[in-house]
Amino acid sequence: MTDFCALVPIKKLSQAKTRLTPLLRASECAALADNMLRDVLTALTSSPQINQVVLFSNDNKVAGIAQEFGCRLLREEPVTNLCDGLNRAAAQLGAEGVENLFIVHGDLPMIKNTDVATLLDRYQEGLVICRAGIDGGTNALIINPADALPFQFGVDSAHKHM
């Protein structure tokens, strides 16, 4: 069985899900993001293929959640953008010996450990991209080596990653 390191980028929970503010109060958006992150972490930490879960954030609340779930926290520099920060995080993890890096966003709805297992069980080598259906973004990515390519998360990033 191949071992994976899961890297989970998550913005400040108080700034998450702002597109929903026409429907939800800011506190409800933050609570939704918190619950989604907990679902993602439950799926990842219960997966036998994942030997390390690393949260990538600059949020003190996320730091507490990382500790609660037994995850490592890599602090994101406050002025970085997601892709630059993830490139640095992947380089650091690669230098630490991580080979199979599984990047999964902390706000994937209703992810289960069976979803994670299905994806990781099918992984052979190289690159796997899980494309978002709405905007062509990348919901998850598996890569070996960890820093093999520059990340380009955002609209149409699945195509850019390919």
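Does T80 satisfy the condition of being at pLDDT below 90, polar (S, T, N, Q) and within 21 Å of A148 (Cα to Cα)? When the stated conditions are applied, T80 passes them.
For every residue, the table says whether it meets (1) closer than 24 Å to N144 by Cα; (2) under 15 Å from the mean Cα position of the chain (by Cα).
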position: I10; (1), (2): yes, yes
position: L20; (1), (2): no, no
position: R25; (1), (2): no, no
position: C29; (1), (2): no, no
position: L32; (1), (2): no, no
position: P48; (1), (2): yes, no
position: L55; (1), (2): yes, yes
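When the residues of the stretch 17-46 are filtered to those that are open to solvent by 10 Å² or more (accessible area, probe 1.4 Å) and among the small types (G, A, S), the one that is farthest from E76 (Cα to Cα) is S46. Scanning the stretch 1-41 for residues that are free of Cβ contacts under 8 Å to residues at least 24 places away in the same chain, of a type outside the set (S, T, N, Q) and closer than 13 Å to V62 by Cα yields A30, A31.
For L44, state whether it is in contact with an Asp or Glu (Cβ under 9 Å, 6 or more places away or on another chain) and in contact (Cβ under 8 Å) with a residue 60 or more places away in the chain. It is false that L44 is in contact with an Asp or Glu (Cβ under 9 Å, 6 or more places away or on another chain) and in contact (Cβ under 8 Å) with a residue 60 or more places away in the chain.
State whether one or more residues within the stretch 47-61 are open to solvent by 60 Å² or more (accessible area, probe 1.4 Å) and within 16 Å of I111 (Cα to Cα). Yes, the conditions are met somewhere in the stretch 47-61. Out of all the residues in the stretch 136-158, which are open to solvent by 50 Å² or more (accessible area, probe 1.4 Å) and at pLDDT 70 or above? Hits for the stretch 136-158 are N139, N144, P145, D147, A148, P150, Q152. Put simply, of G106, G94, G70, G85 the only residue that is in contact with a helix residue (DSSP H, G or I) (Cβ under 6 Å, 6 or more places away or on another chain) and either open to solvent by 60 Å² or more (accessible area, probe 1.4 Å) or touching a residue at least 40 places away in the same chain (Cβ under 8 Å) (or both) is G106.
Among the residues of the stretch 47-67, those that are in contact (Cβ under 8 Å) with a residue 12 or more places away in the chain and out of contact with any strand residue (DSSP E or B) (no Cβ under 9 Å at 6 or more places or on another chain) comprise P48, D59, K61.
The values are calculated or read from the model by the stated rules, or taken from the named source; none is laboratory data. Given the structure is predicted, the values throughout are model-derived calculations rather than measurements. In this analysis, Cβ positions are derived from the backbone assuming ideal geometry, glycine residues included, and neighbour counts consider all displayed protein chains. Remember, those area values only see protein heavy atoms, side chains included, never the ligands or the DNA or RNA. Shrake-Rupley method; radii C 1.70, N 1.55, O 1.52, S 1.80 Å.
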